[in-house]
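The structure appears below as structure tokens.
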Amino acid sequence: MPDDFRMTSQLIGAFVAAPFIYLGALALGRWLKRRHRVALGFSYQVLCLSVAVYVPLKALHVSKHPQGHAEPAAASVKTGNAVVDAAGDALVNWLRGTKEPPLPQEEWHDTGIRIFGTCVVLLGVVFALQLVRRFFWQRWFARRTGVDAPKFVQQISGFVVFTIALVMVLKITYRVDLDAFLAGSGILAVVIGFAMQETLANIVSGIALQIGKPFRVGDWLIVETHRAEVIEVNWRSTKLRTNDDIYLDIPNKTIVGSTITNLSYPTKTHAHRIRIGFEYSAPPNVVRDALSRAARDADGVLEQPMVKIFVVDFADSAVIYEIKYSIDDAARFNDIENHIRTNVWYEAKRAGLTIPFPIRTLHIQRPARGESLIMQKAREILEQQEILAPLDAREKAELLSRANIATFGRGEHIIRQGADGCSMFIILGGEADVFVSARGSEMHVATLREGEAFGEMCMLTGEARSASVVARTDCEVWEIRREVLQPFLHENSMLVGRMSELLAKRKVETDGLIAANAPQAVVEEKKKEYARGFLRRISSLFKV
């Protein structure tokens, strides 16, 4: 009687404890999910249920057999499979109406412990792998190496651990003879191997990629004709994304058998080359300078390593030049190359260089009759220029006949701060922004429009450029060089004095004396002082 009471109380205690164990395990899972973002799914709920059943059953077993449970007799049950078979046979007899119990109580108890214990072990391994994935791969490994752990490595390690756990459960709990099973399934394994040889080849190739590490996620590659970024390396294939947002899924076997160009290793800095032909009459040094400027000014081209220009071939219709430039962002390759080619066109036009037509093309160009529209505009704007107002009609006509009209594309530098100032510019069309660099930062100070001039003070005094001017839109500018203006200053001595006064007036305006409401006498005295200084510098520079 005392034993029955003790067993009943233990059974009641087990039933009472089971819900608390289940709810406690669920609370732990919710805390891990909310606090540490551990991915837990339906399998964790099944694990909680298995633990809630297994722990009370195991506690009852230990309390009933504190010294351990003896092995079942040889005639009764020899393996875990035999226990299940015996349970099935007893259940059938019970359904048929026999008076014998469906299964001895001890065997039912052991069977339940085995079944729920197996669930606890296998689902516990799945839960542990989720913890390892979150705390080791996604946190420690990513923080230590600076890159995300490859999913392929996580999957391989998880598969190995789960397989080991399954084998241990079968051998220890159910005493399955795996050696005999493996020997008997050898032929089946060979058949499956032949059927899956392509898949196995991709898996082996994926392992080789992870060991050799020729690239990693985020690297830009050239594989055959594809230029793309690595998105993922999994069991079967490597996933890539091109500059056009087209996704490629290339089998690992193909990747391993191909020549791979990694544009991101050992550094992201790498060189590219562009070939362009120019006519034979163009001096190579002039062409190289123009191409060098075009490449250097392109957004995304690195200053170091420096841009290099090579003469690579004397072709049928042109001399072929090659631009070698470096970038560190392969994702912008198309934009950078487009910018360089655009700059080359504008530089060639300004330098009077011709990119020839193919030799088999008949190109007939008829000269335009009369004065061009751009020269008409230059004539109109010349009359409005205060700095050139001292020129008489003959001198203005001669200046126009020697006009150098240049075209600058949007974003190109017309002049750079700190460069030598040997010419002035007048905007005939378009707009340009003025920037001043100071203390490592660049500040926008003005926008120049059609008819406005700049650079005249540097041209007349020899000072370095005090600001940078960048084309906001495509600009047509009239460049007046110092050597073009020099003959006019030699012929007209009054011109030097008049230009000195105009520069002095601009200097006073720049200094802000007029805006500060300074006395007129102070302003006039300052103008005279500046004019004398400009007169000396212009006379010395132009030798007049």
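The values are calculated or read from the model by the stated rules, or taken from the named source; none is laboratory data. Keep in mind it's a predicted model, so treat the numbers as computed, not measured. Cβ atoms come from the backbone with ideal geometry, glycine included; neighbour counts cover every protein chain shown.
Could you list all residues from region 37-53 that are at pLDDT 80 or above and more than 17 Å from Val120 (Cα to Cα)?
Once the filter is applied, which keeps residues that are at pLDDT 80 or above and more than 17 Å from Val120 (Cα to Cα), region 37-53 yields Arg37, Val38.
So in region 162-215, with the set limited to residues that are hydrophobic (A, V, I, L, M, F, W, C), outside any helix (DSSP H, G or I) and farther than 30 Å from Ile115 by Cβ, which one is modelled with the highest pLDDT?
Selected residue: Phe215.
Cβ-Cβ distance below 9 Å, separation of 6 or more or different chains: which pairs start in region 229-248 with a residue that is in contact (Cβ under 8 Å) with a residue 24 or more places away in the chain and under 12 Å from Phe215 (Cα atoms) and end on one that is aromatic (Phe, Trp, Tyr) and in a strand (DSSP E or B)?
Between residues of region 229-248 that are in contact (Cβ under 8 Å) with a residue 24 or more places away in the chain and under 12 Å from Phe215 (Cα atoms) and residues that are aromatic (Phe, Trp, Tyr) and in a strand (DSSP E or B), the close pairs are Glu229/Trp220.
Provide a single number: the residues in region 433-470 that are part of a strand (DSSP E or B) and either over 17 Å from Leu485 (Cα atoms) or among the β-branched types (Val, Ile, Thr) (or both).
Here the count works out to 18.
Does Leu448 satisfy the criteria of being free of Cβ contacts under 8 Å to residues at least 24 places away in the same chain, hydrophobic (A, V, I, L, M, F, W, C) and surrounded by 18 or more Cβ atoms within 10 Å (Cβ to Cβ)?
Answer is yes for this residue.
Does Ala330 satisfy the condition of being hydrophobic (A, V, I, L, M, F, W, C), crowded, with 19+ Cβ neighbours inside 10 Å and over 30 Å from the mean Cα position of the chain (by Cα)?
no
Might you check whether a residue that is of a type in the set (D, E, K, R) and on the phi > 0 side of the Ramachandran plot occurs anywhere in region 239-256?
The answer is yes, given that some residue of region 239-256 is of a type in the set (D, E, K, R) and on the phi > 0 side of the Ramachandran plot.
Could you go through region 26-34 and let me know if any residue there is more than 23 Å from Phe136 (Cβ to Cβ) and either surrounded by 11 or more Cβ atoms within 10 Å (Cβ to Cβ) or modelled with pLDDT of 80 or more (or both).
Among the residues of region 26-34, at least one is more than 23 Å from Phe136 (Cβ to Cβ) and either surrounded by 11 or more Cβ atoms within 10 Å (Cβ to Cβ) or modelled with pLDDT of 80 or more (or both), which makes the answer yes.
Out of region 346-369, which residues are surrounded by fewer than 15 Cβ atoms within 10 Å (Cβ to Cβ) and either at pLDDT 95 or above or aromatic (Phe, Trp, Tyr) (or both)?
Phe357
Report yes if Ser258 is part of a loop (DSSP other than H, G, I, E, B) and either in the same structural domain as Val223 (by TED's automatic domain parsing) or surrounded by 13 or more Cβ atoms within 10 Å (Cβ to Cβ) (or both), otherwise no.
Yes: the conditions hold for Ser258.
Would you mind telling me which numbered condition in (1) crowded, with 21+ Cβ neighbours inside 10 Å; (2) in contact (Cβ under 8 Å) with a residue 40 or more places away in the chain Cys458 fails?
Among (1) crowded, with 21+ Cβ neighbours inside 10 Å; (2) in contact (Cβ under 8 Å) with a residue 40 or more places away in the chain, Cys458 violates only (2).
Which of the residues spanning region 444-487 are among the polar types (S, T, N, Q) and under 44 Å from the mean Cα position of the chain (by Cα)?
The answer is Thr447, Ser466, Ser468, Thr473.
Going by the conditions given, is Cys475 crowded, with 20+ Cβ neighbours inside 10 Å, out of contact with any strand residue (DSSP E or B) (no Cβ under 6 Å at 6 or more places or on another chain) and not basic (Lys, Arg)?
Considered against the rule, which asks whether it is crowded, with 20+ Cβ neighbours inside 10 Å, out of contact with any strand residue (DSSP E or B) (no Cβ under 6 Å at 6 or more places or on another chain) and not basic (Lys, Arg), Cys475 comes out as no.
Name every residue in region 236-264 that is within 26 Å of Arg296 (Cβ to Cβ) and hydroxyl-bearing (Ser, Thr, Tyr), in order of residue number.
Passing the criteria: Thr261, Ser264.
Of the conditions (1) within 30 Å of Ala201 (Cα to Cα); (2) surrounded by fewer than 19 Cβ atoms within 10 Å (Cβ to Cβ); (3) of a type in the set (D, E, K, R), Lys253 fails just one. Which one is it?
(2)
Could you pull out the residue among Glu529, Glu509, Glu501, Glu483 that is at pLDDT below 85, part of a helix (DSSP H, G or I) and among the acidic types (Asp, Glu)?
Glu509
Mind checking which pairs have a first residue in region 290-301 that is closer than 11 Å to Arg341 by Cα and in contact (Cβ under 8 Å) with a residue 40 or more places away in the chain and a second that is aliphatic (A, V, I, L, M) and part of a helix (DSSP H, G or I), Cβ under 7 Å, 6 or more apart or different chains?
Matching pairs, first to second residue: Leu291/Val344; Ala294/Ile340; Ala294/Val344; Ala295/Ile340; Ala298/Ile336; Ala298/Ile340.
Does region 396-403 contain at least one residue that is at pLDDT 90 or above, surrounded by fewer than 16 Cβ atoms within 10 Å (Cβ to Cβ), within 20 Å of Gly462 (Cα to Cα) and not acidic (Asp, Glu)?
no
Given the options Ala438, Ala467, name the one that is surrounded by 14 or more Cβ atoms within 10 Å (Cβ to Cβ) and small (Gly, Ala, Ser).
Ala467
Among the residues of region 303-324, is any modelled with pLDDT of 95 or more, in a strand (DSSP E or B) and under 23 Å from the mean Cα position of the chain (by Cα)?
The answer is yes, given that some residue of region 303-324 is modelled with pLDDT of 95 or more, in a strand (DSSP E or B) and under 23 Å from the mean Cα position of the chain (by Cα).
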